[in-house]
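Shown next, in C-alpha cells, is the structure this report addresses.
Any read-out appearing in this document is the output of simple, stated calculations on the displayed coordinates, not a laboratory observation. All values derive from a computational prediction rather than experimental measurement. With ideal geometry, Cβ positions are generated from the backbone for all residues, glycine too; neighbour counts draw on all protein chains shown.
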Amino acid sequence: MSTIEEIRENRIEKLKKLESAGLSAYPIETKRTHEIKEALESFESLSKKEKEVILVGRMRTMRSHGALTFIDFEDGTAKLQALFASDKLGESAYQLFLDTFDVGDFVELRGILFETKRGEKTIQVADYKMLCKSLRPLPEKWHGLKDVEERYRKRYLDLMFSPEVKDKFRIRSEFIRELRNFLDSEGFLEVETPILQLLYGGARAKPFKTHVNAMDLDVYLRISPELYLKRLLVGGLEKIYEIGKCFRNEGIDKFHNPDFTMIEFYWAYADYKQLMKMTEKMFDVILTKVLGTTDIKYGDNMLNFKGPWERIEFFTLLEKYTDIKYEELNEDALKKKAKELGIEVPTGADKANIADEIYKKYCRPKIIQPTFVIHHPKGFQPLAKGLEGEKLASFQLVIAGAEVINAFSELNDPLEQEERLKTQEKLFKGGFEEAQRSDEEFVEALEHGMPPAAGFGMGIDRIVSMLTDSGSLREVILFPLMKDKE
C-alpha cells in the first residue's frame, strides 16, 4: 500500500501533467449555472429540454469501466452522479481525465442531465475543468468517536464525512441568527465592547493576561462584557445586546472551554421577573423556528422547553438536598458543614460562595427540566440588586444539571456597588481568585446614574450542545483549543 507521501508525490506529477496540457489546476473562476440541489429539483424540466447545465463539486467516488467512468460529486447542497464517456468527450480528453483527476478533486462539469436505466439521476459530461487539485487523499475510513481528538484537529474531514456533525453547526448558526432576530424584534440594539480590558470583571473567573506592545501595557482578555454594556445603559441606550467571544483561564470539561461564545443583553426599566417571562418566550420562538419543536432529546432525557418553567428558591434547594438552613448558619458553621459533605472550599471563599459550592455538587445535578433557580444568597453576585434578608433579585436557568443562563436585576446604587467591589477585592487579595475586581471607572459611570435594569448572560456553546444532544460543548465549537500533537 502506498504511503501518504507517495500518493502526494503521484498527485503532484498529475498536477504537472495537467498544467503541461495547458490547463490550470487552480483556475480563478468557474461558470456554475446551478447548485446540485437546484438542478435536482428542476431535473425533469432540464432533462426534457436537454438544457446544458454547469455544476461544480468535490469528487467523492470514481469507477471506471473501459470507455466509461462514473463519479459521484457533491457541492454544499447535494450529491450527483456524473458519466464520462470516451465517445462523447473524445479519446484524448477522456484519457487526460483518467490520468490527472482523483477522488477529492474539485471539478466543474458541463453537460445534459439524464436518468440511467437504473433510475439514477446523472449528468452526461460534455466538458470538464479542474477547479482544485487535491494533493492528499481523503481517508478511506473516518474514525468518528473512536478518535475524538483527531476529529477536532481535522474538523474539515469531520464535516466532510459526518452529515450529523455538519447539521450540528447548521443548528448552531440558525440558533444564533434567530436569537438576533428575536432580540431585534424586541427592540434591542446589537453593540460591541472591548475584548482587551485594563481590568477584567462582570463574572467570577480567572482571566487570561496579555501585553500591548505599542502601548507597553498589560491587559486582560475579557471574561464578560457586562461592565461595558452597563456603561451604555448610563449613556442612554435602553435595550442592548452583544454576542461574542469571552475568555476564562479555567478547566476544560463537557461544559467549559477557555474561549467560548456568549450572549449578554441588558433591558432598562425591567426586572428579573420580567426577564424570566421573556426568556421563556425567547426559547419558545427560537426552538420552534430552528428545530420545529420545544421537546428536545438530550442524553437519556426528553427536555420540555415549553413554558412556564418551574421557579424554585436557592435556599429551598439547599435545605431539601443537604438539610442546610442557610440563614441560620454563620460562615464558619457553613464551612464546617461543607467539609462534612466532602466539599473542597476555595481559598478565601465567603459564605455565599461556600453555599454555591455545596449547591453545585448536591442540588444542581438533581434538576433536569428547564428550571429557574431564583434568589441566590447576597455576596454571590456583587453586581445584582438585593432583596430583603439574604436574597438577591436573581435567577439561573438550570437544565440537565448545568447552569445555562445567569441573570438578575442590576445594582445601580453606586455607593453600595463601591462597597461590594471593595469587599470582593479583599476576597481576591485573600486568595479567592474568582472574586470580582474593584473597578473605579465603572463605579464613576454609575455615579452619573444608571436606570434600573435587568441583565442576562448565556453561553451559546453550552445551550447548543444540549439542543444538538452533544456530549460536550467542544462538539459544537468548530476548532476547540488542542494541545500540540508533539
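Between the alpha-carbon centres of the range 4-30 and the range 33-85 there is a gap of 22 Å.
The packing ranking of peptides 220-232, 281-293, 17-29, 435-447, highest mean first, is 220-232, 435-447, 281-293, 17-29, where packing means the average number of other beta carbon atoms within 10 angstrom of each residue. Mind running the shape call on the range 425-482? Use the C-alpha gyration tensor, a ≥ b ≥ c as the square roots of the eigenvalues: rounded below 1.5 for a/c, prolate if a/b tops b/c, oblate otherwise. Cα axes put the range 425-482 in the oblate bin. Spatially, the range 99-121 and the range 227-257 are offset by 49 Å when compared through their Cα centroids. The gain in end-to-end length when the Ser45 to Thr288 segment is fully stretched comes to 84.0 nm, 0.36 nm per residue minus the alpha carbon separation. Between Lys206 and Thr3, what's the calculated FRET efficiency when r is the beta-carbon distance and R0 is 51 Å? Round to 0.05. My answer for the efficiency is 0.70.
Taking a ≥ b ≥ c as the square roots of the eigenvalues of the alpha-carbon gyration tensor, the chain is classed prolate because a/c is 1.5 or more and a/b outweighs b/c.
Counting 0.36 nm for each residue step from Glu425 to Leu196 and taking away their Cα separation leaves a gain of 80.4 nm.
The range 153-182 and the range 288-333 have Cα centres spaced 28 Å apart.
Ranked for footprinting exposure by Cβ neighbours inside 10 Å, fewest first, Val398, Val103 give Val103, Val398. Classified by the C-alpha gyration tensor, the range 179-304 has an oblate form. Its axis ratio a/c, with a ≥ b ≥ c, is 1.5 or above, and a/b does not exceed b/c.
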